[in-house]
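Everything below concerns the one structure shown next.
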Amino acid sequence: MDTAVRFVIKKLAEIVEGFANEGLKEAASSLFQGLQIEEIQLELESMGSFLKDADRRKRRKISNDGEGMRTFERQVREVAYKVEDIIDKYMYHIAEQDTGEGLVERAISLPKLYSYKHQIASELQAVKSEIQGISKRYKRYDLTEKRSTSNTNDDGGGGGGENWQHLRQHARLIPDVEIVGIEEDKKFLIKRLTELDQVPERVVLSVVGMGGLGKTTLVTKVYNSPEVENHFDCHAWITVSQTYKVDKLLRNLMKELCKSTKEPIPNGVAEMDYIEISEVLISYLRKKRYVIVLDDVWEAIVWNDIQLALPNNRCGSRVIITTRMDDFASSFGVENVLRLRHLGNDDAFVLFCSKAFSNKSCPSHLKPYVESLVKKCEGLPLAIVTIGGLMSMKEKSSLEWSMLVLAGSWGNNKDLGGLKNVLLLSFNDLPYNLKCCFLYYSLFPEDCLIRQKRLIRLWVAQGFIQERRGQTLEEVAADYIKDLVCRGMLQRVESPLLIIKKVRMHDVLRELAISIGHEENFCYINDGKEETLNRKARYLSMSNSVVNVGPILFLGCTGYCGDGKPEQQSCILMEEQQQYEG
């Protein structure tokens with residue numbers, strides 16, 4: 001990925017070309033004079049072009065990076081980050097000097113400003129030497145990529161991403177989305193939820209399976225079905241995830257229940273502790289038939305804490321839990337456990353074709369390749385939909401599809417599970433500007449919803465958006481979201497008339513993004529589980545349960561490198577809420 005290099009080149013170009021503000025231009029010119037900025041810029045441009053070509057070849061699956069090449073990419077990325085930090089720090093001092101309103105203030109600040117010149121000269125000279133050292137090592141060890149195909153033209157591998165007619169519909173919130181192979185499971189759950197006469201006691205049903213099998217999709221269809229909606233007095237859906245606070249879960253539960261009945265939320269709920277909110281819930285639910293979904297539960301202790309607030313009132317109430325933990329699911333009794341199976345070959349084939357082809361029909365000349373791709377997805381709906389979305393943007397030629405089938409990148413990452421290896425293929429197919437946008441989204445909490453307008457502002461502020469003639473940066477960013485949704489990398493939420501209002505990222509895709517972001521020092525998520533901080537990560541996300549801060553959703557803070565200080569470009573402080581309105 002050459003994105004880091006591209007950002008730095010852009011900043012260097014601004015320095016070389018000067019600034020609109022004449023005072024700032026004069027200060028910058030004086031500060032950077034004689035530091036051979038143009039030479040550093042040209043060297044980084046050459047490295048950036050090389051990395052961009054390598055990225056394209058990776059997307060076209062005609063090269064496999066060795067350890068030497070990955071080391072080279074990491075070194076180039078790190079030195080680009082260093083240049084960016086130096087530029088940011090000293091342009092801040094220049095801007096600070098330029099804000100002086102009078103001659104006296106400016107005269108006082110000049111000695112301080114020029115003292116920085118010697119420091120920046122030393123730092124940039126060290127970076128220049130480091131860049132030259134990287135280039136020499138590259139040539140010395142002959143880190144030339146070996147292409148398995150030498151006569152394949154690179155048309156961008158679908159990187160343009162402007163073919164959006166196959167927008168993926170988010171299963172939980174789009175009622176008419178096409179679902180394959182779940183009818184029997186859906187009937188089973190609806191029956192168990194509505195058999196009041198046979199089982200009036202509160203019943204806990206568990207849906208268990210690995211990530212990507214479609215647990216949430218199935219339960220959503222059941223939860224939204226008329227049979228279930230009309231059977232219960234009130235209902236609520238709560239996403240638990242790996243990091244949670246029980247009192248906050250119960251407060252959210254109270255709000256969702258009141259929302260379903262259109263009743264006012266009791267006063268003081270936001271300030272109630274675990275005992276207080278539990279008592280309110282017990283009182284509220286005592287005479288009601290309720291259905292509650294606890295989605296993505298990772299630990300049995302979650303249910304142990306929550307169940308105390310859910311009375312067994314013999315009104316036929318039901319609780320559905322989705323989990324990856326089979327032992328936990330089994331604790332509710334064999335008759336109340338639904339273990340999701342991988343899709344069979346026929347259903348998997350139908351699902352893939354519905355995503356890959358506009359008419360949902362597989363051309364005969366592509367059938368062998370479709371069968372091979374479906375087999376590699378191992379019956380996992382998320383993988384099938386994601387790869388199907390990827391292939392929907394490809395040319396429908398045997399050559400194009402055969403290159404993907406024969407790609408060596410499906411299973412060469414030992415740090416990722418089988419599903420993630422499949423999804424890694426879709427990540428590698430992203431153009432470099434979309435990769436940063438995808439990785440950046442992982443900074444938000446698991447299963448959160450974020451408004452498109454807020455996401456666009458964040459991407460633009462971070463410099464991820466590439467200029468296009470005739471479009472504003474905001475319009476280009478909106479196109480990026482459409483592209484990521486089309487590829488199945490983001491999921492669309494609340495989409496009347498195909499206008500994307502909110503998006504979310506599947507938890508398995510988020511795990512992939514976190515893994516890649518950590519490896520590339522792009523981002524780091526601190527949820528309180530790790531004692532050490534990754535000081536090299538460019539973007540840091542922290543929950544306000546980790547640090548003692550108020551309800552702050554976003555805090556931009558530029559960090560400086562050196563002196564043992566963190567190198568973060570920005571830090572995001574997250575409230576434990578599921579939506580970021582912006």
### Message
Applying a 10 Å radius around every beta-carbon, put 247-257, 438-448 in order of their mean neighbour count, most first.
### Response
438-448, 247-257
#### Entry: Amide H contacts of residue 320 (H built 1.01 Å from N, under 5 Å, at least 5 apart or other chain)
205, 292, 293, 294
### Query
Taking θ as phi - 60°, what are the ³J(HN,Hα) couplings along the range 505-517 by the Karplus curve (6.51, -1.76, 1.60), each to the nearest whole Hz, with x for Gly and Pro?
10, 4, 4, 5, 5, 5, 4, 5, 4, 5, 4, 5, x
### Query
Expressed as a whole percent, how much of the Cα-Cα distance distribution for the range 284-386 exceeds 17 Å?
65 percent
### Query
Short version: what are the Cα gyration tensor semi-axes of the range 183-339, square root of 5 times each eigenvalue, largest first, in whole Å?
23, 19, 14
### Query
Listed here are the pairs 215/536; 259/501; 367/420; 221/482; 191/376; which of them are more than 28 Å apart at the Cα?
215/536; 191/376
### Query
Simple spin-label model, 7 Å along Cα-to-Cβ: residue 132 to residue 199 in nm?
7.5 nm
### Summary
Descending packing, highest mean Cβ count within 10 Å first, for 316-322, 302-308 is 316-322, 302-308
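Here, each number is a calculation from the coordinates, and none is a lab measurement. Not measured: the values here are computed from a predicted model. Positions of Cβ are backbone-derived with ideal geometry, glycine not excepted, and every protein chain shown enters the neighbour counts.
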